[in-house]
Each structure stands twice: as structure tokens, then as C-alpha cells.
Amino acid sequence: MAKINGKKTVFCYLCGHPFDVSTRAMTVNCPKCHKQLMIDDVTVKTYTAVTTLPSCGTIVVRARGRVVAKKVLGQIGVECNGTIEADIETTGFVRLGKKAKCKGAIRAGTLKIADGAQLTGPITVPWTNHDTSH
Ligand SMILES: [Zn+2]
């Protein structure tokens with residue numbers, strides 16, 4: 001999708017609904033499920049304990065970053081070079097660097113794992129949450 005007039009198309013990471021937002025927006029309410037969404041990319045550099053870590057963009061966990069959560073929801077993708085102790089859900093990509101450690105289920109559109117990455121948990125690839133027609 002091209003950027004026109006400072007807008008971009010994002011997909012709601014909760015219900016899969018696509019809609020346009022201002023590129024300057026940090027958070028927005030999904031027009032379909034009315035939940036507040038984080039638009040910006042997220043970079044984790046330190047220990048981060050949350051219930052869910054969501055983004056309509058990309059979530060990057062740096063080498064010293066450690067995410068402890070129930071769910072990591074990166075709509076475009078999740079890149080991990082540190083530690084994630086959470087279920088990862090994305091219809092986009094998951095990329096695990098060689099020092100990545102993941103404890104939890106991974107549900108991803110595509111998955112790329114470097115040699116040395118440690119995984120514990122079930123993996124579902126490809127995964128989609130866009131079928132919400134029922
Ligand atoms: Zn939604």
C-alpha cells in the first residue's frame with residue numbers, strides 16, 4: 001500500500017480489520033472492534049513485563065531485551081534477538097536471531113529461525129486471524 005497524504009493502511013491485530021490511519025498517529029481505535037490499538041513499531045531493549053505487547057507495525061526485541069507477557073502481537077512482524085516469554089501471534093513474519101530464546105507458542109505467517117535460536121512451544125505456520133466472517 002502506498003502512503004498517500006500521510007496515511008497508511010494497517011490491519012487490526014485483534015480482529016484483522018484493515019483501515020487507514022495517519023502516519024503520525026500513535027494509537028487509534030479500530031473502527032470495527034473499537035479496541036484501542038498501538039500503531040507504532042515497538043522496540044524492546046530491556047526487561048519488559050506486560051500482559052500483551054501489541055503493535056500494528058513491527059515488534060523488535062533487541063539482544064538485551066526480554067519480554068515477559070501473555071501475548072506478543074505484531075501485525076507486520078516480530079523480530080527477536082533477545083528473549084520472548086510469551087505466545088507470539090502475527091499474520092506477518094517472525095524472525096528469530098541466533099541468540100533468540102522463545103518460550104511459548106508461535107503463530108506466524110512466515111517463520112525464519114537462525115541456527116542457535118532456542119524455541120520451546122508449539123509452532124503454527126502459516127497462521128491467519130483474518131477469517132472473522134462467522
Ligand atoms: Zn479490530
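The values are calculated or read from the model by the stated rules, or taken from the named source; none is laboratory data. Here the structure is a predicted model, which is why all the values come from computation and not from measurement. Quick reminder, even Gly has a Cβ in these numbers, built from the backbone with ideal geometry, and neighbours come from all protein chains shown.
Things to note:
- Matching entry among 30, 15 (being touching a residue at least 60 places away in the same chain (Cβ under 8 Å), closer than 17 Å to residue 90 by Cβ and within 15 Å of the ligand (Cβ to nearest atom)): 15
- Number of positions in the stretch 16-32 that are modelled with pLDDT of 90 or more and either assigned to a loop (DSSP other than H, G, I, E, B) or assigned by TED's automatic domain parsing to the domain that holds residue 77 (or both): 4
- Among (1) part of a loop (DSSP other than H, G, I, E, B); (2) of a type in the set (Lys, Arg); (3) more than 14 Å from the ligand (Cβ to nearest atom), the one test that residue 8 misses: (1)
- A single member of 58, 91 is away from the ligand (no atom under 16 Å from the Cβ) and of a type in the set (Ser, Thr, Tyr), and it is 58.
- Search result, residues across the stretch 74-104 that are buried (at least 18 other Cβ atoms within 10 Å of the Cβ), at pLDDT 95 or above and of a type in the set (A, V, I, L, M, F, W, C): 78, 80, 84, 86, 88, 94, 96, 100, 102
- Considered as a group, the residues in the stretch 33-49 that are in contact with a Ser or Thr (Cβ under 7 Å, 6 or more places away or on another chain) and outside any strand (DSSP E or B) include one that is farthest from the ligand (Cβ to nearest atom), and that residue is 41.
- Residues (closer than 15 Å to residue 102 by Cα and among the polar types (S, T, N, Q)) located in the stretch 30-76: 48
- Listed by first and then second residue, the pairs linking a residue in the stretch 105-118 that is touching a residue at least 12 places away in the same chain (Cβ under 8 Å) and assigned by TED's automatic domain parsing to the domain that holds residue 63 to a residue that is acidic (Asp, Glu) and assigned to a strand (DSSP E or B), with Cβ atoms under 8 Å apart and 6 or more places separating them unless they lie on different chains, are 105/87; 106/87; 107/87; 107/89; 108/89.
- Of all the residues in the stretch 56-72, those that are at pLDDT 95 or above and either in contact with a Pro (Cβ under 9 Å, 6 or more places away or on another chain) or buried (at least 17 other Cβ atoms within 10 Å of the Cβ) (or both) number 10.
- Boolean, residue 124 is in contact with a Lys or Arg (Cβ under 8 Å, 6 or more places away or on another chain), under 27 Å from residue 5 (Cα atoms), exposed (fewer than 14 other Cβ atoms within 10 Å of the Cβ) and at pLDDT 95 or above: no
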